[in-house]
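Quick notes on the structure that follows.
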Amino acid sequence: MIPNYVVLEVVLDERFVGKGSKNLPELEVIINEQCAKGYRLHTITTANGGSKGLSLGGRLMVTLVFESI
């Protein structure tokens with residue numbers, strides 16, 4: 001059987017990443033939705049998505065790769 005993959009990209013606001021982050025529940029929902037469809041998280045990577053300005057922080061690009069189980 002050839003494994004099937006789903007690749008999702010999520011853009012997060014860096015100023016909310018960390019303790020008390022509003023982004024972590026968003027990631028949790030996405031991961032749980034894919035798990036309910038029969039996928040497991042295979043790989044997660046992050047990259048800086050650029051800055052919105054001096055005081056507003058930047059964006060964090062999160063790539064999630066899910067593998068069918």
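Going by what's in this entry, would Val29 be described as open to solvent by 70 Å² or more (accessible area, probe 1.4 Å) and at pLDDT 95 or above?
Judged against the criteria, Val29 is not a match.
If we keep just the residues of region 9-26 that are of a type in the set (Asp, Glu) and open to solvent by 60 Å² or more (accessible area, probe 1.4 Å), which is modelled with the lowest pLDDT?
My answer is Glu14.
Taking the conditions exactly as written (closer than 9 Å to Ser68 by Cα, at pLDDT 80 or above and not in a helix (DSSP H, G or I)), does Val6 satisfy them or not?
Yes.
Which of (1) touching a Gly at 6+ places or on another chain (Cβ under 8 Å); (2) open to solvent by 70 Å² or more (accessible area, probe 1.4 Å); (3) at pLDDT 90 or above is the odd one out, the single condition Ser68 does not satisfy?
Exception for Ser68: condition (2).
The values are calculated or read from the model by the stated rules, or taken from the named source; none is laboratory data. Model, not experiment: these values are computed from the prediction. Please note: Cβ atoms are built from the backbone with ideal geometry, for glycine as well, and neighbour counts cover all protein chains shown. In case anyone asks, the SASA skips ligands and DNA or RNA and just uses the protein heavy atoms, side chains included. Shrake-Rupley method; radii C 1.70, N 1.55, O 1.52, S 1.80 Å.
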